[in-house]
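The values are calculated or read from the model by the stated rules, or taken from the named source; none is laboratory data. In this text, all values refer to a predicted model and were calculated from it rather than measured experimentally. With ideal geometry, Cβ positions are generated from the backbone for all residues, glycine too; neighbour counts draw on all protein chains shown.
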């Protein structure tokens with residue numbers, strides 16, 4: 001590119017490099033020329049049709065930042081599924097395009113636009129944070145891009161909402177994970193139905209935490225239960241002692257909480273070091289409170305906690321046994337719930353493509369085929385709700401126990417076929 | 001708020017403040033002496049925590065980790081200062097940029113070496129129990145943290161005011177060039193100051209791990225964020241400033257978060273804004289002459 005020579009006038013004014021008009025023209029026309037060279041994708045070229053042509057899947061996941069391990073896990077699940085199926089979905093080879101959102105919304109939105117304009121992917125998957133899923137909803141909908149959400153659980157993504165605020169469902173958006181209603185409401189209704197009606201709330205103060213707390217409360221009220229108060233630390237709070245101290249100084253012994261990852265570990269450790277179990281307090285929560293990433297750090301400190309989720313690594317069904325065994329054969333670690341979500345997303349896509357004979361060219365038929373998908377997943381029966389595209393799934397009520405040196409979620413009960421109340 | 005609750009929250013606030021002091025003291029020292037805002041301080045803190053994790057896994061000894069992590073960080077500081085920072089002496093913005101770059105590299109290397117999962121460390125045996133105080137049981141480890149913070153501040157004050165090293169540091173803070181002109185090897189002084197700052201960050205990584213946990217992102221929050229807040233609130237680059245800053249920020253953040261939980265995230269910045277408004281140099285800061 002035309003080198004920028006030192007400009008005498010500019011130097012006098014105090015800045016060394018200054019573009020003259022001529023330099024600018026040379027530089028910009030060179031850039032324009034470069035954009036026309038082959039290699040750049042020609043817009044408008046027909047994407048996908050024929051069976052046998054590779055299906056291109058854009059995966060938007062965090063590989064850096066605080067959620068990097070979630071992204072890694074979901075990538076492992078994707079690659080495990082492909083390995084089990086000779087790198088083919090239906091009869092088509094697969095091209096994966098990964099993008100790292102680094103848990104920055106703007107980065108994720110830009111990557112989605114790149115999937116649409118430049119990579120021209122056939123299907124998009126992934127997305128960990130709910131705000132990112134909401135942020136890309138309109139772009140995906142406008143481009144009629146099939147998007148299978150494999151984590152973000154915000155209720156609005158698969159619901160009809162006024163003015164589509166903060167987000168709303170789309171024919172092209174499917175969710176293979178869960179809605180926050182599904183992991184919060186059923187346990188509320190279940191517990192109050194069993195006679196435990198009064199709860200104190202502790203939740204991370206951000207969209208997902210408040211949503212979970214509200215859905216849990218609605219579940220309690222179904223059977224005449226209710227809440228007596230709450231503490232809401234900010235997401236990523238470093239010190240949980242002040243909040244646990246507040247809990248200890250109020251009389252309601254049953255505490256429902258929504259925390260995950262580092263927050264969950266901090267909460268459970270403070271809970272124990274401040275002596276809440278001995279004082280008669282009992283811990284309940286949405287399942288992420290006691291997933292393996294947390295349990296392997298807190299171990300028996302979490303014993304007795306009752307949480308709800310649509311899966312547990314200990315779940316006793318043939319699909320799960322095979323999934324866990326295959327995963328461990330491939331990688332030196334246990335699968336987590338994020339891996340299951342991604343694995344089921346791949347499976348749903350595979351089943352839909354098989355039903356279409358591999359032909360993904362007609363978007364409406366593609367949507368219809370996905371709506372009709374149903375299969376046995378490691379989590380149990382899996383099907384999309386035709387009205388919302390959110391999964392219909394069993395919710396398991398689990399209790400943390402230490403058995404033979406291992407701290408695990410044991411299955412107490414299940415709430416069958418829970419669908420999101422969205423329309 | 002009952003008396004029992006207020007007492008327990010005050011203890012929470014004090015122990016949080018003590019952790020903040022240990023965390024911020026290194027940043028304050030380096031800034032006071034070298035005029036460098038070391039934005040890699042949070043990454044040093046994080047590295048200390050991960051080294052501690054490995055040492056505890058290998059040897060089972062938390063106390064050994066408390067020696068090994070600061071030592072490792074001191075060595076790293078001894079390499080970084082002459083190799084990188086010294087070349088940019090006097091170019092403040094470039095130094096700040098360099099430390100940002102350094103922190104990115106360190107944090108990424110930690111991800112490569114230790115993985116990106118959430119980890120934790122338990123309090124060492126003997127300190128992992130609880131004692132009964134007013135209003136119920138309280139973890140011994142948090143009392144230990146308070147004691148450790150006080151001891152560290154006292155030790156630093158003695159070194160600062162009563163030893164030759166301390167005299168050199170104070171002189172260096174006043175005017176490093178003049179100190180050089182008087183025949184002191186400022187290169188060596190700066191290298192050892194930077195190494196001490198890094199070691200203090202590493203120490204904070206070990207001591208804070210049982211409370212704050214070990215996870216990706218800890219380099220900025222709580223690491224860099226809280227140490228900058230403490231140093232700015234207390235007064236830039238003085239030991240007494242770091243003490244005052246952590247004594248104010250610890251309890252204020254603790255009480256603020258539980259009393260005004262809807263604006264909990266803003267509490268810490270409200271404190272900074274208020275202090276800067278009333279006293280732009282920080283609580284115990286002095287007006288610095290730009291060099």
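Quick check on this structure: which one of A:394, A:372, A:344 is over 22 Å from residue A:52 (Cβ atoms) and out of contact with any strand residue (DSSP E or B) (no Cβ under 8 Å at 6 or more places or on another chain)?
On the way: A:394 fails: out of contact with any strand residue (DSSP E or B) (no Cβ under 8 Å at 6 or more places or on another chain); A:344 fails: out of contact with any strand residue (DSSP E or B) (no Cβ under 8 Å at 6 or more places or on another chain).
After applying the criteria, what remains is A:372.
Away from every other protein chain (no Cβ under 14 Å), at pLDDT 95 or above and surrounded by fewer than 21 Cβ atoms within 10 Å (Cβ to Cβ): is that true of residue A:84 in this structure?
Values: away from every other protein chain (no Cβ under 14 Å): yes; at pLDDT 95 or above: yes; surrounded by fewer than 21 Cβ atoms within 10 Å (Cβ to Cβ): yes.
Yes, satisfied.
Only residues that are farther than 21 Å from residue A:95 by Cα, within 16 Å of the chain's Cα centre (by Cα) and not in a loop (DSSP other than H, G, I, E, B): list them for segment A:304-339, please.
A:309, A:337, A:338
Out of all the residues in segment B:52-62, is one or more surrounded by 24 or more Cβ atoms within 10 Å (Cβ to Cβ), within 12 Å of the chain's Cα centre (by Cα) and away from chain A (no Cβ under 14 Å)?
Among the residues of segment B:52-62, not one is surrounded by 24 or more Cβ atoms within 10 Å (Cβ to Cβ), within 12 Å of the chain's Cα centre (by Cα) and away from chain A (no Cβ under 14 Å), which makes the answer no.
Considering only segment A:268-312, state which residues are farther than 18 Å from residue A:213 by Cα, more than 13 Å from chain B (Cβ to nearest Cβ) and either out of contact with any strand residue (DSSP E or B) (no Cβ under 6 Å at 6 or more places or on another chain) or surrounded by 22 or more Cβ atoms within 10 Å (Cβ to Cβ) (or both).
Passing the criteria: A:304, A:311, A:312.
For residue B:95, only one of the following conditions fails: (1) assigned to a helix (DSSP H, G or I); (2) in contact (Cβ under 8 Å) with a residue 60 or more places away in the chain; (3) away from every other protein chain (no Cβ under 11 Å); (4) surrounded by 16 or more Cβ atoms within 10 Å (Cβ to Cβ). What is its number?
Going through the list (1) assigned to a helix (DSSP H, G or I); (2) in contact (Cβ under 8 Å) with a residue 60 or more places away in the chain; (3) away from every other protein chain (no Cβ under 11 Å); (4) surrounded by 16 or more Cβ atoms within 10 Å (Cβ to Cβ), residue B:95 breaks only (2).
Which residue, of B:152, B:121, is within 14 Å of chain A (Cβ to nearest Cβ), closer than 23 Å to residue B:45 by Cα and either crowded, with 17+ Cβ neighbours inside 10 Å or within 18 Å of the chain's Cα centre (by Cα) (or both)?
On the way: B:152 fails: within 14 Å of chain A (Cβ to nearest Cβ).
Answer to the selection: B:121.
Just name the residue that is farthest from residue B:250 (Cα to Cα) out of those in segment B:216-234 that are buried (at least 24 other Cβ atoms within 10 Å of the Cβ) and at the interface with chain A (Cβ under 10 Å from one of its Cβ atoms).
If we take residues in segment B:216-234 being buried (at least 24 other Cβ atoms within 10 Å of the Cβ) and at the interface with chain A (Cβ under 10 Å from one of its Cβ atoms), then B:216 is farthest from residue B:250 (Cα to Cα).
Report every pair of residues separated by at least 6 positions or lying on different chains whose Cβ atoms are under 8 Å apart, first residue within segment B:124-143 and in contact (Cβ under 8 Å) with a residue 40 or more places away in the chain and within 11 Å of another protein chain (Cβ to nearest Cβ), second part of a strand (DSSP E or B) and surrounded by fewer than 17 Cβ atoms within 10 Å (Cβ to Cβ).
From residues that are in contact (Cβ under 8 Å) with a residue 40 or more places away in the chain and within 11 Å of another protein chain (Cβ to nearest Cβ), the pairs are B:138/B:131; B:138/B:132.
Can you tell me which residue among B:193, B:186 is over 21 Å from the mean Cα position of the chain (by Cα) and within 22 Å of residue B:41 (Cβ to Cβ)? Steps first, answer last, please.
Numbers: B:193 fails: over 21 Å from the mean Cα position of the chain (by Cα).
The match here is B:186.
Just need a number here: residues in segment B:236-257 that are within 14 Å of chain A (Cβ to nearest Cβ) and buried (at least 21 other Cβ atoms within 10 Å of the Cβ). Reasoning before the result, please.
Taking segment B:236-257 first, the residues within 14 Å of chain A (Cβ to nearest Cβ) are B:246, B:249-257.
From what's left, buried (at least 21 other Cβ atoms within 10 Å of the Cβ): B:246, B:249-250, B:253-254, B:257.
Of the residues in segment B:236-257, 6 are within 14 Å of chain A (Cβ to nearest Cβ) and buried (at least 21 other Cβ atoms within 10 Å of the Cβ).
Which residue is surrounded by the most Cβ atoms within 10 Å (Cβ to Cβ), if the candidates are limited to segment A:245-262 and must be at the interface with chain B (Cβ under 9 Å from one of its Cβ atoms) and touching a residue at least 24 places away in the same chain (Cβ under 8 Å)? Walk me through it before giving the result.
To start, the set of residues in segment A:245-262 that are at the interface with chain B (Cβ under 9 Å from one of its Cβ atoms) comprises A:245-246, A:248-249, A:261-262.
Among the residues that remain, those that are also touching a residue at least 24 places away in the same chain (Cβ under 8 Å) are: A:245, A:248, A:261-262.
Values: A:245: 25, A:248: 20, A:261: 25, A:262: 27.
Taking the candidates together, the pick is A:262.
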